[in-house]
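Report on one structure; see the data block that follows.
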Amino acid sequence: MDSKRVRSPSFPFISLPEAVHRARELYDAERRNLVHPDVAVAHWGYARSSSGGKQTVAALRAYGLLEDVRGELRLTDRAQHILVREPGSTERNDLLRAAALSPPLFSRLWDRYGADLPSDKSLRSWLVLEIKVNERSVEELLRSYRETIQYAGLLPAEEPRTRIRVAALQELTLSFPLGEFKVVRRIKADETEMMRLLFDLWLRQVTEP
């Protein structure tokens, strides 16, 4: 029996919107000049030897926003174009989608499920049992992945939810000894006749012969 421990696949420490924000901070300070890693992480508020700084560098590299040049760091062409192009433009959207799917594990998730994600239970099962992701990392992985593909426009926009004032529902409930009749909003004047017909139909259905 092989007793070697299987290493959990890596994924970006931060989601794409946060990575773009970090790239913006570095761009504002250094433009596209070469910068020492210690200086880069200092721009993000990290100490030289902090794990957060190293993980942020690794995340930007995973999204293709940062590159190594002889031991120093520099923002990539992709990062610069994302930062300077007009938000919502086709070119910027394409670059964001490419960045979102650059991390191998994110690309693998997208290839398997696309925008039609299954339940969290199914995702956890596949990631832990098939991909060998550490169970303690799954929640963070799924959060980062969802934020990333949403930011990149790879998920359809959510339809606005209808908001109902709960406090007002008591005013819209008719209570009587045999039961209750409840509606979710006030009825418009031109809808009253239709409601009368529906109520009459309902009353016939519940009346004993």
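The values are calculated or read from the model by the stated rules, or taken from the named source; none is laboratory data. No experiment lies behind these values; they were computed from the predicted model shown. Every residue, glycine as well, gets a Cβ built from its backbone with ideal geometry; the counts of neighbours run over all protein chains shown.
Select from the range 71-102 the residues that are in contact (Cβ under 8 Å) with a residue 60 or more places away in the chain and in contact with a helix residue (DSSP H, G or I) (Cβ under 9 Å, 6 or more places away or on another chain) and list them in ascending order.
First pass over the range 71-102, keeping only residues in contact (Cβ under 8 Å) with a residue 60 or more places away in the chain: 82-83, 93, 96, 99-100.
Selection gives Ile82, Leu83, Leu96, Ala99, Ala100.
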For this session: Considering every residue within the range 103-110, establish whether at least one is under 14 Å from Ala152 (Cα atoms) and among the aliphatic types (A, V, I, L, M).
Result: no
Problem set entry | Filtered residue count, the range 34-55, keeping only those that are part of a helix (DSSP H, G or I), exposed (fewer than 14 other Cβ atoms within 10 Å of the Cβ) and of a type in the set (D, E, K, R) | 1
Exercise. Pairs, please: C-beta under 9 Å, at least 6 apart or cross-chain, first residue part of a helix (DSSP H, G or I) and in the range 59-70, second of a type in the set (Asp, Glu) and at pLDDT 95 or above?
Worked result: Ala59/Glu18; Arg61/Glu67; Arg61/Asp68
For this session: Need at least 1 residues that are among the aromatic types (Phe, Trp, Tyr) per element, so show me which helices (runs of 4 or more DSSP H) inside the range 74-161 make the cut, counting only ones lying wholly within it.
Result: 104-113, 138-151
Problem set entry | Any hit, the range 92-103, residues being exposed (fewer than 13 other Cβ atoms within 10 Å of the Cβ) and assigned by TED's automatic domain parsing to the domain that holds Glu30 | no
Exercise. Within the bounds of the range 10-33, is there any residue that is assigned to a loop (DSSP other than H, G, I, E, B), exposed (fewer than 13 other Cβ atoms within 10 Å of the Cβ) and aliphatic (A, V, I, L, M)?
Worked result: no
Exercise. Within the bounds of the range 149-168, is there any residue that is at pLDDT 65 or above, among the hydroxyl-bearing types (Ser, Thr, Tyr), more than 17 Å from Ser10 (Cα to Cα) and surrounded by 14 or more Cβ atoms within 10 Å (Cβ to Cβ)?
Worked result: yes
